[in-house]
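The values are calculated or read from the model by the stated rules, or taken from the named source; none is laboratory data. None of these values were measured; they are calculated from a predicted model. Glycine also receives a Cβ, built like all others from the backbone with ideal geometry; neighbour counts cover every protein chain displayed.
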Amino acid sequence: MTATDTRPATGDTGDGRDRRRPVRRGPVLLAGLTAGLLLVALIAAGRGQVAVAPAEVLGSVLHRLGLDLGPRPAAPHGESALWLVRFPRVALAAVVGAALGCAGAVMQGVFGNPLAEPGIIGVSAGAAVGAALAIVTGVTVLGGWTVPAAAFAGGLATAWLVYLLARSGGRTEVVTLVLTGVAVNAVAGAAIGLLMFVADESGVQAIAFWNLGSLAQANWSAVSLAAPCLAVGLLATLADARRLDLLALGERSARHLGVDVERLRTRMIVVTALLGAAAVAFTGIISFVGLVVPHLVRMVAGPGHRLLLPASALGGAIVVIVADLAARTLVDYQELPLGVLSAIVGGPAFLWLLRRTRDRAGGWA
Amino acid sequence: MTERVRRRRGPLRLLGRRSAPRVPTATTSGSTRVQVTGVRVERAGRPVLDQVDLAIRAGELHALLGPNGAGKSTLLAAVSGDLPLAAGTVEVDGRPLAEWSAVELAMRRAVLTQSSALSFPFAVVEVVRMGRVPWAGRPEEAHDDAVVAETMRRCDVIRFAARPFPSLSGGEQARAALARVLAQQTGVLLLDEPTAALDLHHQELVMRIARDRADAGDAVVVVLHDLALAGAYADRITLLADGRVRAAGPPDAVLTAPLLSEVYRHDIEVVPHPDTRLPLVVPRRRGPARNVPLTEE
Ligand SMILES: Nc1ncnc2c1ncn2[C@@H]1O[C@H](COP(=O)(O)OP(=O)(O)OP(=O)(O)O)[C@@H](O)[C@H]1O
Ligand SMILES: [Mg+2]
């Protein structure tokens, strides 16, 4: 021990204090995404059967904050439509989208594979099985936390399973990963089907909602349960951002650079399950957000996780708010299932990514 | 992997919380940095290394030679702590591998693996900078920029600094990977075939770098297939065959025609260079007279 080391060192290295990396695009991108998120949220909150102009939405928020600025909603029941229906819905969309975007980015880093995503590898389906199980059995030991906790447990178990099944020799082949996901999704789908079979009418409805994915049941209590999961997950991943970068070198080289790979992996799988549960517990399965968003961010900002993680969270929030807006306004007096909409857009994007990955790898071995 | 001890238990273990790492102290030239004793490694139930002894000393360039499959990469993996030992010990700076944490080892030895794939298209400079991570949060961090620039210059990859690593050619990637390993600034360097993908100029350049690091007091191990390169640069050679040390010693003692012919199962000549007297190792080939093109009747 030398006399100079006064700073407490945390076990593994990489604390994200690297100031000189060429990430000058970072702050610009994050600021842009934040502005985009706020804008999209204002617009989305105003649209619907009771239309409120974005300026009035802003005015309503400012008045709540005690600032006497801007116009208040002119429409009858505008204020209550905003605060009881729209805001919780937009807020939950943002939380869910951020969780999915971040979870996708982390998974891709841990698997060293740009095609990993909670929906594709089956973590979302596993979480849905957990949630459905809690509903059908009517267990409420943890009060409002019961369903999210069950979703977390289901997601965690599935994530571990896929991880164990899809890896060999410290790497994950794309084919193995995707096929493992197919199998896991099939089993989870069957489990959900079975639960619907034994459930009563209300249970069937509640479970059907998971399979389609929807924000229709958003309320403030859902937001207050999902948001802490997102916050914890996001902070935990950001703390490991630099180590996730090193994983790109492969597990051996990451270990040679001082990363305790086993612990990092365990932490990140727990975190992914937490983020997946935050997303799935209140909205059901929304696929592909975690796949497409990190990919787009990488094209703009490069693969460094210190930027990729927060940018994917913001990007995911924007995408889900917009997708939900489309789902509830495209058809008058009808609501399209959000999960269906995201799959219509995300499926082709996944195919495109798959082809690109194959071209670069020179075909599947 | 599995043989590494878990020193901390309890919930904080997962968070990776631990006491401050032991930073390496200055070593004197000639002192043993890594001691391998009686090592046996099994893969798929088959011994691929057995009874291997190896001392890696400060100030020495140590060449590891042997035919394909002899166990050279396996030996480096065992020294790096990547593979469990079926028997024997590996000590770094006088302590068994298991007594060091991952960070403490990363401050002492850097490893260039035989293949260097990258899952995501990081820029070359970002890859090289990854080599500085073990020193994050320490006084050494102040030199990060200078070290990264200097190693990139020495490995001749400055031109590619901003390009995505996967867009480089094989040899360029190999040099960029070496730059990352050098940037780690450890006293022990384990390089698995650093010259394999390189052209003649860059082979010499890389061996020169390894030589200079050894002269500056580092302990350097280089796996090589070019025996003349080993003869020209190494202080010491260990020749592996079928998972065992077949011969060890200074180049003159190991690079002999009968020994090499036997180990490589090929008729090999060792002739001194007319000027430098350095050994030239050449397989005995048929003369050009017998290689006349078939078209010439
Ligand atoms: N994962 C593995 N499973 C089983 N056997 C293995 C594995 N990896 C290596 N081996 C075997 O161990 C032996 C030593 O392999 P190693 O990679 O150490 O050889 P090497 O001396 O580095 O050869 P090369 O010059 O080709 O790099 C070989 O016979 C190889 O087939
Ligand atoms: Mg090898």
Search result, residues across the range B:142-162 that are in a helix (DSSP H, G or I), more than 8 Å from chain A (Cβ to nearest Cβ) and acidic (Asp, Glu): B:150
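Scan the range B:17-42 for residues that are assigned to a strand (DSSP E or B), among the small types (Gly, Ala, Ser) and under 19 Å from the mean Cα position of the chain (by Cα) and report the count.
Residues of the range B:17-42 that are assigned to a strand (DSSP E or B), as a first pass: B:32-42.
After this cut, where a residue has to be among the small types (Gly, Ala, Ser) as well, the list is B:38.
If we keep only those that are under 19 Å from the mean Cα position of the chain (by Cα) as well, we get none.
Selection size over the range B:17-42: 0.
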Which of the residues that make up the range A:234-270 are among the β-branched types (Val, Ile, Thr), more than 8 Å from chain B (Cβ to nearest Cβ) and crowded, with 24+ Cβ neighbours inside 10 Å? A:237
For residue B:58, all conditions in the list (1) surrounded by 18 or more Cβ atoms within 10 Å (Cβ to Cβ); (2) within 11 Å of ligand 1 (Cβ to nearest atom); (3) small (Gly, Ala, Ser) hold save one; what is the number of the exception? (2)
If you take the residues in the range B:30-80 that are farther than 23 Å from residue B:213 by Cα and either within 14 Å of chain A (Cβ to nearest Cβ) or touching a Cys at 6+ places or on another chain (Cβ under 7 Å) (or both), which one is nearest to ligand 2 (Cβ to nearest atom)? B:74
Considering only the range B:78-111, state which residues are under 17 Å from residue B:220 (Cβ atoms) and within 13 Å of ligand 1 (Cβ to nearest atom). B:79, B:80
Just to be sure before I move on: is residue A:85 away from every other protein chain (no Cβ under 14 Å), over 16 Å from residue A:284 (Cα atoms) and modelled with pLDDT of 85 or more in the structure I sent? yes
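If you check B:229, B:198, B:259, B:190, which single one turns out to be closer than 13 Å to residue B:65 by Cβ, crowded, with 18+ Cβ neighbours inside 10 Å and of a type in the set (A, V, I, L, M)? Spell out how you get there, then give the answer.
Values: B:198 fails: closer than 13 Å to residue B:65 by Cβ; B:259 fails: crowded, with 18+ Cβ neighbours inside 10 Å; B:190 fails: closer than 13 Å to residue B:65 by Cβ.
Matching residue, one of B:229, B:198, B:259, B:190: B:229.
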What helices (runs of 4 or more DSSP H) lie completely within the range A:62-144 and have 3 or more residues being over 23 Å from residue A:222 (Cα atoms)? A:87-111
The one condition in (1) in contact with an Asp or Glu (Cβ under 7 Å, 6 or more places away or on another chain); (2) under 26 Å from residue A:253 (Cβ atoms); (3) assigned to a strand (DSSP E or B) that residue B:205 fails to fulfil: (3)
Could you say whether any residue in the range B:230-240 is of a type in the set (Asp, Glu) and within 16 Å of ligand 1 (Cβ to nearest atom)? no
Specify which of the listed residues (B:220, B:188, B:206) is more than 13 Å from ligand 1 (Cβ to nearest atom) and within 14 Å of another protein chain (Cβ to nearest Cβ). B:188
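I'm trying to understand the selection: among the residues of the range B:163-182, which are in contact with a strand residue (DSSP E or B) (Cβ under 8 Å, 6 or more places away or on another chain), part of a helix (DSSP H, G or I) and free of Cβ contacts under 8 Å to residues at least 60 places away in the same chain? Lay out the reasoning, then the answer.
Keep residues of the range B:163-182 that are in contact with a strand residue (DSSP E or B) (Cβ under 8 Å, 6 or more places away or on another chain), which gives B:163-165, B:177-178, B:181-182.
Keeping just the survivors that are part of a helix (DSSP H, G or I) gives B:165, B:177-178, B:181-182.
Result: B:165, single match.
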Go through (1) among the β-branched types (Val, Ile, Thr); (2) buried (at least 18 other Cβ atoms within 10 Å of the Cβ); (3) away from ligand 2 (no atom under 16 Å from the Cβ) one by one and return the number of the condition residue B:222 breaks. (3)
Looking at the range B:90-115, which of the residues that are surrounded by fewer than 21 Cβ atoms within 10 Å (Cβ to Cβ) and within 16 Å of ligand 2 (Cβ to nearest atom) is farthest from residue A:110 (Cα to Cα)? B:114
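So which residues in the range B:155-174 are of a type outside the set (Gly, Ala, Ser) and surrounded by fewer than 24 Cβ atoms within 10 Å (Cβ to Cβ), if there are any at all?
Of all residues in the range B:155-174, those of a type outside the set (Gly, Ala, Ser) come to B:155-160, B:163-166, B:168, B:172-173.
Within the range B:155-174, B:156, B:158, B:159, B:160, B:163, B:164, B:166, B:168, B:172, B:173 qualify.
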